[in-house]
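Read through the structure below, which is laid out as structure tokens, and then see the notes.
What follows draws every value from the coordinates through simple rules; no lab data is involved. From a predicted model like this one, the values you see are computed outputs, not experimental measurements. Cβ: placed from backbone, ideal geometry, glycine included. Neighbour counts: every protein chain shown.
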Amino acid sequence: MSKIYNIDPEAGINVYNVRDAIVECFFQAHCQDAGLSDITDGGNKEYCKSVVEKGFSDVGGDFENPTKESIEKVLDYLAEFSKNFRDPEIIKEHYKEIMNLVNKL
């Protein structure tokens, strides 16, 4: 199986690399797919990370110490957040890819 957002699903999956995959997924979906590239200082990627961090906070989770439950809640939060400016099929595709990792936790 190929990597999912820089994570090898056949390697040991843990909550930290799933959390990092969510940041990468959100970056790809909202910056790269929108025709934006990461700027030298990582501004776009940092913005995406901050949205994911806010998601953890808003669902009562902890970005630095994620749990499977908080990751699942963040995925729902981000899907809801994204529906205002992304095609629903794109959201479903990205959600499904991350859930492939979550299901291995």
Requested in this report: Please grab the % of Cα pairs in the range 41-105 that end up more than 16 Å from each other.
Outcome: 50
Query - I4 long-range amide H proximity, modeled H, under 5 Å - result: none
Query raised in the report: Among N6, M99, V23, whose Cα sits farthest toward the positive end of the charge dipole of the chain (+1 at Cβ of Lys/Arg, -1 at Cβ of Asp/Glu, about the Cα centre)?
Result: M99
**Report entry** Assigned charges on the beta-carbon of Lys, Arg, Asp, Glu; the chain dipole about Cα centre (debye)
**Finding:** 160
